[in-house]
Each structure stands twice: as structure tokens, then as C-alpha cells.
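Please treat every number below as a calculation from the coordinates, not as lab data. Given the structure is predicted, the values throughout are model-derived calculations rather than measurements. Cβ: placed from backbone, ideal geometry, glycine included. Neighbour counts: every protein chain shown.
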Amino acid sequence: MIFSEDQLALKTAAEKFARDILLPGYQKRETQPFDRDLAREMGAMGLIGTDLPEELGGLGDSSITTGMVSEALALGDFNMSALPVNVSLNAAVLMQHAPKEITDEWVPRMIAGEKLMAICLTEPRGGSDAARIELRAKKRGMDYVLTGEKTSITFADCADIFLVFARTGSVEEGAKGVTAFFIPEGTPGIARLKFDDVGHKCVGRGSLFFEDVVIPEWCRLGAEGTGFTQVMHGFDYSRALIALECAGAAQASLDEAWAYVKDRQAFGRPIGQFQGVSFPLAEGESMITAIRQLAYQTLQLREAGLPHTSEAAMCKWMGPKHAVEVIHNCLLASGHYGYSYDLPHQQRMRDVMGLEIGDGTAGVMKQIIARQKIGRAAVPY
């Protein structure tokens, strides 16, 4: 990918911030709450919302720039690189469908790193089957009353505001009966449960419980029954960004592994001279380069207003899967040092692994690709 001079300057700044500020504390932050001070620092540097309008605090740049920043930040801390992805996805939904008062108040605070927003779609009985939403929003006068549960929600433990998808129609309507709501900070009736995950710990994934949560009608995003399509369109964007996050984390491990095998001596020479050591790393470089190019191609299609659903799905299943494999090989190349908690390979591998599940499994992504190619002939009955 060839960047402009302005993009290269921002890329350099993001990579320096990742290497100098994020990487030294990456492992220590695993068991700590999401670092709000770092988030605000990223906001002040213009690393959040690069694709969002300048009048709201963004840079007014392209989605390609957002992908570039997300990849650069993942070189230092995969978890902190989730913030630009989260803000760009959620803010786009608000700008397109929320009342101007909501957008004007909350999007600038998200871009500044001051407020976190959780997108609440997944439910206990509807993970991959995202349209099977049971959380109910009942109309009561000028309000809606929400009752139910959301689970596997990123930032559930620490979000200030929520974008919630609830059923306003019948179950038989499927996706057509789903409506989106913005839930302001401090709304009563919401309980949280944080999960004890294998990785990606500091983002606070967990469950949210809604017990007769009253939401004003003006917090509804768009018309009733349009919520599901609102978020599905955004996922084509976030899936490309996720692939670039994964590429950044894998590239960090590759850089460290190459440096190690260049200096580590065995049998009187650097172990990088042994093809059994260097070839898996060379294969990793090749795979991550291919995924990176696919992700940027997907973003270029998006910028051109061209279809990119298949490409986005390819990004989403290939990025996490192959990044985990590449990081694993980097760990092995580092020998018993790599198997210790002293090096970050093990944490990167655990962190990235979560996105083999979250935001759509490989099976779902492949089904999307097949459906794009042959239509309903690919839909199982």
C-alpha cells in the first residue's frame, strides 16, 4: 500500500507511540482496567476517529488512514488498537441514524478518548445467528422499556454509553423486527458481569443485563425494524480494520523473532541459518503481507463506493486465523524463552485468538463469501 505524505507522517507518529509508549506496558496492562489515560492520549494525538468529520473532532480522512493507524497501534498493544476500530464503527452508526443532538454531544467525546461506547448485539442464544435477538423493547407512552441480556460484549465492563439492538417486532420477523437504541451514560437498570477470558482481558468483555431500562423515544436510531441492517453494513468496514489489527500484532512478533534468530547461536552459527527456523518466519511474512494487502484493497473498494462484502469477510476469517499461526511460530522460534511470560508472543497469540470468534467466526465469514458468489444456493435449509 502506498500512502500519501500526510498518511506517512501519521503512520510514523502512531508507530513511535506504539513502540515507545504502548509496547513497554502491554503485558502489565493485561490484568488492569482499560487505560483511560492512554485512550485520552491517543485522542489528543489524532489517532482515534481519523475518518470522522473535522467538525466533530476527527481528521476527516479516509478509512484507509484508520486502517493504517489501527495496524500501527497493534504493533505495541493489540488491545488499545481496538479503540479506533470501535469508535469509527459506532460513530458511523450514530452519524447516520441518531438525532443530531446525540451525535454532537457524544461523538467528539469518543474521538477524544474520553468516553467508551459498547455495541450490544450478541445474546446467549444468538451468537453467530445475530438476527435471533430476544432482548425486548416494549413501547410505553413516549418511552421504550428494555428487558433482557446481551453477552460477549466488548467494553461491557467499562463502557460509558451503549448502542443496543432490541426486538420491537415479532420473533417471526427475524432481522426486520430489530431496532437500534442509544443508551446515555448513567441510565439506571443495567448490570454488568465481566468475563475471565483467555486473552483480550483489559477490554472488559462480558454480559449486560437490562432490567426494565427506560429509554426515551428520541434515543431510538432510525425507524423501528431497521436496526439490524444499520450495524450489518458497518461490519464490512470493521472486518477489514480487524484484519489490520491482527496483521500489526503478528508483525510485531515477526520483527522480534527475526531479531532473535539473527543473534541466537547454536552449533556455532546463528539459528536463522537453519531453514527449519527461518522458513516458517518467511512464510509468516508472506501471509501477513498478503492479508495486509487484502485489507487495504477492501478499504479502497469502500472508499470508491464499490461492493466489498466478500473481501471484508475474507479479511475477517483470514486475519485472526493466520495471525495466531504466525505468532505461534514466532513463539516456537524463540525456544523456551518464547514459552515464558517474559516475552509477549503468548499474550499476542491469546489476544488475537479471541477475534477468531468475536465479530463473526470463520464459518460465518465463509458462508457470507459463498452467498455473495452463488446467492441463496449457498444458504442451508
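Here are a few things to note about the model shown:
- Using Cβ point charges alone (K and R +1, D and E -1), the dipole size of the chain about the Cα centre works out to roughly 980 debye.
- Farthest toward the positive end of the dipole of region 87-189, out of LEU135, GLY169, GLY113, is the Cα of GLY169, where the dipole comes from beta carbon charges about the Cα centre.
- Degrees, to the nearest 10: 100-111 long Cα axis against longest axis of the chain: 20
- Area projected by the alpha carbon convex hull of the chain, averaged over all directions, nm²: 19.4
- Low-density loop cleavage sites - trypsin sites (Lys or Arg not before Pro) in region 73-125, where at most 14 other Cβ are within 10 Å (DSSP): ARG125
- Of the cross-linked pairs LYS139/LYS316; LYS150/LYS366; LYS16/LYS373; LYS11/LYS176; LYS115/LYS373; LYS176/LYS373, those separated by over 30 Å at the C-alpha level are LYS139/LYS316; LYS16/LYS373; LYS11/LYS176; LYS115/LYS373.
- Ranked PHE182, PHE235, criterion: other C-beta atoms within 10 Å, fewest first: PHE235, PHE182
- Spatial offset of region 198-264 relative to region 1-71 amounts to 15 Å, using the alpha carbon center of each.
- Long-range Cα-Cα pairs in region 118-224 (distance over 25 Å), rounded percent: 16
- The long axis of helix 82-97 is offset from the longest Cα principal axis of the chain by roughly 30 degrees.
- Top positive-direction residue, dipole computed over the chain with Cβ charges, set THR154, PRO216, SER88: THR154
- Rounded to the nearest 20 debye, the dipole size of region 238-302 about its Cα centre is 100 debye, using +1 on the Cβ of Lys and Arg and -1 on the Cβ of Asp and Glu.
- Between the Cα long axis of helix 227-263 and the first principal axis of the chain there is an angle of about 20°, rounded to the nearest 10.
- Hull-based mean projected area of region 5-115, where the convex hull spans the alpha carbons, in square nanometres: 6.4
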